[in-house]
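Every read-out reported here was derived from the displayed coordinates using simple, explicitly stated rules and does not represent laboratory data. The shown structure was predicted, so the numbers you read here are calculated from the model rather than taken from an experiment.
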Amino acid sequence: MTIATTGEADALPEILTERRGAVQWVIFNRPKARNAITPWMEDRLIEICREVDADPAVKALVLTGAAGDKPAFMAGADLSCLQSVKTPEDYTILEDRAETAAMALEAVRVPTIAALAGACVGEGALLAACCDVRIATPSVRFGFPIARTVGNCLSIKNLARLAAILGTARTKEMIFSARLLTADDLAGAGALRGVVPDDDLTERTQELAEELAGLAPLTLWTTREALRRWRDHGLPADGDADLLRLCYLSADYQEGIAAFLEKRRPVWVGQ
């Protein structure tokens, strides 16, 4: 499979799909924006998961990012979406759509692989965490620098997703340092199946997907579903609404967005 170059990709939909044997590839395709996700992309990802569930010929699902001037899996959410969050209803819509996409990916019947290169930030990191397996190149940078950028927060469920692949201490350290994790960091946490050269990422991911596609599907499904239920056991249905509201409706959040767009350091006031 050849992923489109920047000029070619810009004229194509924001998400591309390609079938390679029993493996369905999903390519985030906004290379000029480092594949930052839009609401349409979230909705399309949900739709693709339903299509995969309905097609018994698909045995594995791969997510990756289109090639650009710099490699990127996904550089978080599109900033225009973040700018629009001003009311409780706004942040609820934002969180609900992202959560629906994450849940669709976790619930899809086939094993999922995230093929990571370059920026894997914010919602990109969350979608990668939702996948069963991750493979990366040395260029990957994974994390949530929100404590020094926009000043929002993660839901309890998203923190649980990250802790499930990184551990609680490393998840907290990542957020508190506002540092992006390297391939070595991720591999050291056991969050990667392997680190491969950039030029080999597509081929090695396809080989891994075919390996998973050849295993007993019910064994894989019941294992991933049991682990998901174990992880989510005890999570409050609405236990973090006050925390999300505190950040998303704060003056600090609006300052963080403005500072990010203006390429300056935000001035936090704690309100």
Problem - Candidate values (i) 45, 23, 18; (ii) 42, 20, 16; (iii) 29, 21, 18, label of the one derived for semi-axes √(5λ) of the Cα gyration tensor in Å - result: (iii)
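Decide, for region 32-131, between rounded, prolate and oblate: order the square roots of the alpha carbon gyration tensor eigenvalues as a ≥ b ≥ c, take rounded if a/c falls under 1.5, and otherwise choose prolate if a/b is larger than b/c, else oblate.
Working: a/c = 2.28, a/b = 1.24, b/c = 1.83.
Oblate is the answer for region 32-131, as a/c is 1.5 or above yet b/c matches or exceeds a/b.
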Exercise for the section: Between Phe142, Phe260, Phe28, find the one with the highest GNM mean-square fluctuation for the chain; connect C-alpha pairs within less than 10 Å. Expected result: Phe260
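Per-residue ellipticity at 222 nm for the chain, helices alone: DSSP H runs ≥ 4 residues times -39500 (n - 2.57), over residue total, nearest 500 deg cm²/dmol? Numbers along the way, then the final one.
Details: 12 runs with 129 residues, N = 271.
Helices in the chain give a 222 nm mean residue ellipticity of -14500 deg cm²/dmol.
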Handout entry: Cross-link partners of Lys157 among lysines (Cα-Cα below 17 Å; sequence separation of 8 or more within a chain)
Key = Lys172
Exercise for the section: Can you tell me how much longer the chain between Leu249 and Glu207 gets when fully stretched, taken as 0.36 nm per residue apart minus their C-alpha distance, in nm with one decimal? Expected result: 10.6 nm
Fill in the blank from the handout: Excluding residues fewer than 8 positions from Lys70 in its own chain, the aspartates and glutamates with Cα under 18 Å of it are Glu8, Asp10, Glu14, Asp78, Asp198, Asp199, Asp200
